[in-house]
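Visitor: Quick one: the structure is below, questions incoming.
The values are calculated or read from the model by the stated rules, or taken from the named source; none is laboratory data. Keep in mind that this is a model prediction, so the values were computed, not measured. For neighbour counting, all protein chains shown are included, and Cβ atoms are generated from backbone atoms with ideal geometry for every residue, glycine included.
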Amino acid sequence: MNGAAPILETRGLSKRFGGFLANDAIDLSISAGEIRGIIGPNGAGKSTLINLMTGVLQPNSGDVLLAGESLVGRKPHEIARKGLVRSFQVSRIFGNLSLLDNLRAPLLAAVSTRDVRAEGVAKAHRLLERLGLARLADAPAKTLSGGQRVLLQAAAGFMMPSLSCYLLDEPFAGVNPVIKDQLIELIEEESRARGLTFVIVSHEMAVMRRLCRKVTVLIQGRIVAEGSLDEIASRADVIAAYLGRSFA
Amino acid sequence: MWSLELFTQALIAGVVIGVIYALMALGITFIYSIVKMINWSMGEFYMLGSYAQYLIVAYWLGPDLWYVAAILSAATVFFVGWLIEPILIKPMFTGGIERRDDYATVVTIALLLLLRNLATAISGPYQRTPGSNLPGVMLGPLPESGARFAAFLAALAAIALFTFLLKRTWLGLALRATSQSRVGAQTAGVDVLSLDKIAFGIGVGLAGLAGALLAPVFMVYPTDGVVTTTKGFEIIVIGGLGSVPGALIAGVALGVAESLGATFIASAYQNAYGFVLLLLVLALRPSGLFGERLRQA
């Protein structure tokens, strides 16, 4: 474990769906300010892990700690308000709401404090400007292209007043290179400016190499490797599991 | 017997009653949008509103303060809904129930029977009226009763207030976001289960307000909500489930269709003309005028 105190931890986190063990005693420790990648083949349990951490699913055993405080049993909105925010693989933007309202919605988490909200609206305008969506501020979000929706959803997370740790579930899937770059830059910027922690689930190895110093490999519900992407890529067992070969 | 004056009269009468029916439709569609359920006991919340209005006007404030009574009646019904929601409706989301639509249907129909029979047991089957001393008015060529015109104006004011709440306040933003995606709203830190209580309260409160406003126009009795509720459901099918402008426009359309039909075809079939309109809309646009087709996820 490295020097900085972990902001997000899981201890022996397990989730069973019927006879299928989706997460098997996951011990994960993520330092404040880190950008951590999580990779693994389809069905490895990556989304389950995120759902367990954000209260969408309840674990069968184990614990999730945000800055030392257990999150198990908390409701999704309580966890979001505590600063552990997520994005979804399938975009959860509010289609009939304007772009601006989509970015104002997370300000609801700030319990009626006028200043936070006024500041937040200014930030929403800055983010839209930053992402080249300013002229669409009042248009309904359903008019956006797929890539623009991804940007909007990611931006909405940055609007959470208490945000400390941001979990992004496959943010780059099916996104064109220009938008991918915009999103990467946004993550790097917010990371630098606010010292935010990120956990990014992705299959895009080039992006992971660029963003994450450390990557965790999840296979069949278990952590099988942790380290830099280059270290991991050289491990025979990881390659074998990724390619679906049995150990020879 | 066609004449422009008769047509104008029927048109105005239709708009007046249509806006009041729209209040009921708004309540149904609003609860559906947020809580994702059809509340089959809306007519009984209308009935509660009408009895509240009757009691407050007849025994306390008198007919001059009908508008204060209407606000108090609507607030009472809001409060009843706010209390009932966590007991009856919330288990739909927290009780591990798989067939939520079926659950909501059974629970709200049970509530309908309970409230209707309680009203009969307590007040008897008698028809009562809070009375009104508002003078009649001329709406262009149409002489209209004061109570009906007052109900029309109050319904317009309530719809304006409702729209303001939805479009201009933070609570409204939370409600609109939740209606789009409950999961998305939770991710944004919105406590959707507490919001359900408020939304259910507002929805039945709108029905209660319709009941209070129409109490002096129609009579007050245990099943007095049936007709207005039927219209409310017709309106949301015509306008599209979940659409606020749809409820308004379809409400007026239904009122006008019934009024014109009654004037120029035969008044005995007044309630049938709305259904003709409904069938036409279903044939031409099955999702309603403003409805969105549900995407199969």
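Table: residues versus (1) modelled with pLDDT of 90 or more; (2) touching a Ser or Thr at 6+ places or on another chain (Cβ under 6 Å); (3) more than 10 Å from chain B (Cβ to nearest Cβ).
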site	(1), (2), (3)
A:Gly55	yes, no, no
A:Lys75	yes, no, no
A:Ile79	yes, yes, no
A:Asp115	no, no, yes
A:Leu128	yes, no, yes
A:Arg135	yes, no, yes
A:Asp138	yes, yes, yes
A:Ala141	yes, no, no
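Visitor: Taking the condition among the aliphatic types (A, V, I, L, M), in contact with a Phe, Trp or Tyr (Cβ under 9 Å, 6 or more places away or on another chain) and more than 10 Å from chain A (Cβ to nearest Cβ), does B:Leu165 pass?
Guide: no
Visitor: Could I ask something else about it? State whether one or more residues within the range A:137-159 are part of a loop (DSSP other than H, G, I, E, B) and within 26 Å of A:Leu65 (Cβ to Cβ).
Guide: Checked the range A:137-159: at least one residue is part of a loop (DSSP other than H, G, I, E, B) and within 26 Å of A:Leu65 (Cβ to Cβ).
Visitor: Another question, if that's okay. Given the criteria without any contact (Cβ under 8 Å) to a residue 40 or more places away in the chain and either more than 20 Å from the chain's Cα centre (by Cα) or within 14 Å of chain A (Cβ to nearest Cβ) (or both), does B:Gly146 qualify?
Guide: So B:Gly146 fits the description; yes.
Visitor: Then there's this: Restricting to the range B:121-140, name every residue that is assigned to a loop (DSSP other than H, G, I, E, B) and in contact (Cβ under 8 Å) with a residue 60 or more places away in the chain.
Guide: B:Pro125, B:Tyr126, B:Gln127, B:Thr129, B:Pro130, B:Gly131, B:Ser132, B:Asn133, B:Leu134, B:Gly140
To keep it simple, each residue is scored yes or no on (1) charged (D, E, K, R); (2) touching a residue at least 24 places away in the same chain (Cβ under 8 Å).
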| residue | (1), (2) |
| --- | --- |
| B:Lys231 | yes, yes |
| B:Ala250 | no, yes |
| B:Gln270 | no, no |
| B:Leu277 | no, yes |
| B:Pro286 | no, no |
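Visitor: Right, here's the next one. Listed residues B:Ala75, B:Ala10, B:Ala52; which is buried (at least 24 other Cβ atoms within 10 Å of the Cβ), small (Gly, Ala, Ser) and out of contact with any strand residue (DSSP E or B) (no Cβ under 8 Å at 6 or more places or on another chain)?
Guide: B:Ala52
Visitor: Also, quick follow-up: From B:Leu113, B:Leu55, B:Leu83, B:Leu11, grab the single residue that is part of a helix (DSSP H, G or I) and touching a residue at least 24 places away in the same chain (Cβ under 8 Å).
Guide: One residue alone meets the criteria, B:Leu11.
Visitor: Could you tell me which of the residues B:Phe200, B:Phe264 is more than 14 Å from chain A (Cβ to nearest Cβ), surrounded by fewer than 21 Cβ atoms within 10 Å (Cβ to Cβ), in contact with a helix residue (DSSP H, G or I) (Cβ under 8 Å, 6 or more places away or on another chain) and in contact (Cβ under 8 Å) with a residue 12 or more places away in the chain?
Guide: Exactly one of B:Phe200, B:Phe264 is more than 14 Å from chain A (Cβ to nearest Cβ), surrounded by fewer than 21 Cβ atoms within 10 Å (Cβ to Cβ), in contact with a helix residue (DSSP H, G or I) (Cβ under 8 Å, 6 or more places away or on another chain) and in contact (Cβ under 8 Å) with a residue 12 or more places away in the chain, namely B:Phe264.
Visitor: When you check B:Val106 against the structure, is it in contact with a Phe, Trp or Tyr (Cβ under 8 Å, 6 or more places away or on another chain) and either of a type in the set (Ser, Thr, Tyr) or at pLDDT 95 or above (or both), yes or no?
Guide: Judged against the criteria, B:Val106 is not a match.
Visitor: Among the residues of the range B:220-227, is any within 14 Å of chain A (Cβ to nearest Cβ) and surrounded by fewer than 24 Cβ atoms within 10 Å (Cβ to Cβ)?
Guide: No; the residues of the range B:220-227 include none that is within 14 Å of chain A (Cβ to nearest Cβ) and surrounded by fewer than 24 Cβ atoms within 10 Å (Cβ to Cβ).
Visitor: Something else: Considering B:Phe93, B:Phe149, which residue is in a helix (DSSP H, G or I) and either out of contact with any helix residue (DSSP H, G or I) (no Cβ under 7 Å at 6 or more places or on another chain) or modelled with pLDDT of 95 or more (or both)?
Guide: Being in a helix (DSSP H, G or I) and either out of contact with any helix residue (DSSP H, G or I) (no Cβ under 7 Å at 6 or more places or on another chain) or modelled with pLDDT of 95 or more (or both) holds for just one of B:Phe93, B:Phe149, which is B:Phe149.
Visitor: Residues that are in contact with a helix residue (DSSP H, G or I) (Cβ under 9 Å, 6 or more places away or on another chain) and not β-branched (Val, Ile, Thr): list the helices (runs of 4 or more DSSP H) wholly contained in the range A:13-121 that include at least 3 such residues.
Guide: So the answer is A:76-81, A:99-104.
Visitor: Any residue in the range A:156-170 that is under 23 Å from A:Gly95 (Cβ atoms) and more than 11 Å from chain B (Cβ to nearest Cβ) sitting within a Cβ distance under 9 Å of a residue that is in a strand (DSSP E or B) and aromatic (Phe, Trp, Tyr)? List the pairs, counting only those 6 or more apart or interchain.
Guide: Hits for this filter: A:Phe158/A:Tyr166; A:Tyr166/A:Phe198; A:Leu168/A:Phe198.
Visitor: Checking the structure you have, find out if any residue of the range B:167-185 is among the small types (Gly, Ala, Ser), within 22 Å of B:Leu156 (Cα to Cα) and without any contact (Cβ under 8 Å) to a residue 60 or more places away in the chain.
Guide: yes
Visitor: Go through the range A:94-113 and give me each residue that's modelled with pLDDT of 85 or more and at the interface with chain B (Cβ under 9 Å from one of its Cβ atoms).
Guide: A:Phe94, A:Gly95, A:Asn96, A:Leu97, A:Asp101, A:Asn102, A:Arg104, A:Ala105, A:Pro106, A:Leu107, A:Leu108
Visitor: Among (1) under 23 Å from B:Gly184 (Cβ atoms); (2) crowded, with 20+ Cβ neighbours inside 10 Å, which single condition is A:Gly40 missing?
Guide: (1)
Visitor: Hey, among the residues in the range A:218-239 that are within 19 Å of A:Gly62 (Cα to Cα) and part of a strand (DSSP E or B), which one's nearest to the chain's Cα centre (by Cα)?
Guide: A:Leu218
Visitor: I'd like to know if the range A:85-93 contains one or more residues that are in contact with a strand residue (DSSP E or B) (Cβ under 8 Å, 6 or more places away or on another chain), more than 9 Å from chain B (Cβ to nearest Cβ) and surrounded by 21 or more Cβ atoms within 10 Å (Cβ to Cβ).
Guide: No: the range A:85-93 contains no residue that is in contact with a strand residue (DSSP E or B) (Cβ under 8 Å, 6 or more places away or on another chain), more than 9 Å from chain B (Cβ to nearest Cβ) and surrounded by 21 or more Cβ atoms within 10 Å (Cβ to Cβ).
Visitor: Would you check if B:Ala215 is buried (at least 24 other Cβ atoms within 10 Å of the Cβ) and away from chain A (no Cβ under 14 Å)?
Guide: Criteria met by B:Ala215.
Visitor: If you don't mind, there's one more thing I want to ask. What's the total number of residues in the range B:239-290 that are within 18 Å of the chain's Cα centre (by Cα) and not hydrophobic (A, V, I, L, M, F, W, C)?
Guide: Qualifying residue count, the range B:239-290: 12.
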